[in-house]
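The structure under discussion appears below in the form of structure tokens.
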Amino acid sequence: MFYSLCTPYLVTLPSHSTPVVSNRQKKEAVVSCREYYCFKLQIREDARSILLLSGRLLQQYAVDMYVKIETSRLDYYRNEQQHIRSELYKGIVDTVTLGERDASNVGKRIILPSSFIGGPRDMRKRYMEAMALVQRYGKPDIFLTMTCNPNWKEITNELSQHEEAQNRPDLVARVFHAKLEELKDKLFKREIFGKVVAYVYVIEHQKRGLPHAHFLIILQSDWRLHAPESFDEIVSAEIPDKNTNMHLHNAVVKHMMHGPCGDLNRSNVCMKGNPPRCKSNYPKNYAPFTSVGNDCFPIYRRRNNRTHVKVRGTHLDNRWVVPYNSYLLATFDCHINVEIFSTIKAVKYLYKYIYKGHDRVAFNLVSEPRNDEVDEIRQFQMARWIAAPEAMWRIYGFIVNEMYPSVYSLHLHLEHQHPVTFRADQDLEHCHFRTF
């Protein structure tokens with residue numbers, strides 16, 4: 001039997017109980033700002049949205065609306081915590097000893113807590129939790145990076161005549177999310193690399209807007225790769241024969257060829273330093289077989305078989321191939337770099353790399369009156385870079401990072417070093433501190 005939520009109804013109880021009448025008021029229909037714009041930016045077959053047909057104005061609209069959403073969340077933390085101070089208990093004791101009793105002069109004024117997704121505290125917390133996985137299960141075995149391809153047929157088939165993929169960040173975000181779920185299914189359910197015991201991944205967005213995902217995968221001990229000969233079963237760094245596999249050959253030429261850089265093109269984006277050199281150390285050296293390298297990655301097999309392809313006006317060979325997995329590259333038709341961990345030397349670097357946080361723009365500093373107030377929210381917002389696909393990704397509520405298995409933090413502290421909270425209007429000499 002169904003009951004209306006706006007009228008009283010009788011609840012049947014055992015015979016020894018007294019009937020109770022319950023009143024439930026109908027809740028007011030309220031949607032959040034994010035849910036509203038998520039509704040407005042949906043594709044509907046029976047209606048054409050003027051927003052989705054606005055070209056570059058759609059990009060600006062998406063960025064502006066997400067900035068509004070994020071700013072409202074940050075304003076909540078600013079308004080709700082403006083009277084909260086935090087400091088180590090020992091620091092407060094020392095302050096009182098020095099004669100300071102005004103709580104408003106102690107601790108950090110404005111704090112951006114770790115509950116704000118994407119903030120620096122959240123990133124640091126996730127990094128420490130990811131390192132706990134290494135402590136429990138060992139070093140990662142596979143490092144995988146997948147980048148969105150704006151020429152996927154799922155995107156191009158939805159574009160109108162003369163419409164560009166960059167002007168439909170909603171399509172870019174939704175199709176990449178679908179591809180990401182398919183990749184996770186192949187990695188963690190179909191176990192194409194073996195039994196996965198733990199993993200972490202983070203979604204980032206390039207300056208030009210294309211989303212990409214970084215995966216760090218830890219395999220079960222029975223499936224781990226120890227011999228360099230077994231690396232070739234997962235990773236390849238050579239141009240495939242176009243006579244035997246034309247589809248894979250075209251995918252490698254299109255997505256997995258680095259450069260040209262170095263002497264062939266000194267103005268390429270990868271050229272850094274003085275004198276300039278490729279930051280990824282391309283071209284690599286020829287190698288007749290795979291071996292363990294001196295750094296965290298192996299030296300992959302790159303045979304000198306005189307195979308050349310023309311890429312961006314230059315003939316390149318196996319020394320310019322970015323390591324890939326043949327099955328994943330042929331399946332997803334995008335840049336999907338797969339690397340094998342050979343040592344534990346650079347584990348901390350790679351975990352920090354995937355949790356490095358948001359991109360920022362360059363700006364000039366000017367002298368201002370000294371202000372000792374620490375505003376973590378302002379520091380987070382300063383020079384923040386948001387592209388249209390990232391704005392759509394966050395408006396749609398897609399996940400930005402994931403970890404398996406979950407890690408629960410247990411806070412330990414030394415004597416008199418535990419954090420406490422107190423109100424700005426309290427007398428530090430007579431107040432009772434609340435630990436957290």
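Counting only residues that are modelled with pLDDT of 90 or more and exposed (fewer than 13 other Cβ atoms within 10 Å of the Cβ), segment 260-287 holds 1 of them. Can you tell me which residue is modelled with the lowest pLDDT among those in segment 385-401 that are of a type outside the set (D, E) and touching a strand residue (DSSP E or B) at 6+ places or on another chain (Cβ under 7 Å)? The extreme case among them is W385.
Within segment 209-247, the residues that satisfy the criterion of being more than 15 Å from T290 (Cα to Cα), loosely packed, with under 14 Cβ neighbours inside 10 Å and charged (D, E, K, R) are D222, D241.
Candidates K356, K348: the one that is in a loop (DSSP other than H, G, I, E, B) and either farther than 20 Å from D232 by Cα or at pLDDT 95 or above (or both) is K356. Considered as a group, the residues in segment 171-189 that are basic (K, R) and free of Cβ contacts under 8 Å to residues at least 40 places away in the same chain include one that is farthest from G397 (Cα to Cα), and that residue is K189.
From V269, V309, grab the single residue that is in contact (Cβ under 8 Å) with a residue 40 or more places away in the chain and of a type outside the set (D, E). Step through it out loud before you land on a result.
On the way: V269 fails: in contact (Cβ under 8 Å) with a residue 40 or more places away in the chain.
From the options V269, V309, the qualifying one is V309.
Anything in segment 288-308 that is closer than 13 Å to R319 by Cβ, among the polar types (S, T, N, Q) and modelled with pLDDT under 90? List them, or say none. Scanning segment 288-308 gives N305, T307.
Count of segment 298-319 residues, restricted to those that are under 24 Å from H226 (Cα atoms) and more than 34 Å from the chain's Cα centre (by Cα), is 1. Annotation: of all residues in segment 288-315 being over 30 Å from P140 (Cβ atoms) and in a loop (DSSP other than H, G, I, E, B), the one that is most open to solvent (accessible area, probe 1.4 Å) is R306.
The values are calculated or read from the model by the stated rules, or taken from the named source; none is laboratory data. From a predicted model like this one, the values you see are computed outputs, not experimental measurements. In this analysis, Cβ positions are derived from the backbone assuming ideal geometry, glycine residues included, and neighbour counts consider all displayed protein chains. For accessibility, only protein heavy atoms count, side chains too; no ligands or nucleic acids. Shrake-Rupley method; radii C 1.70, N 1.55, O 1.52, S 1.80 Å.
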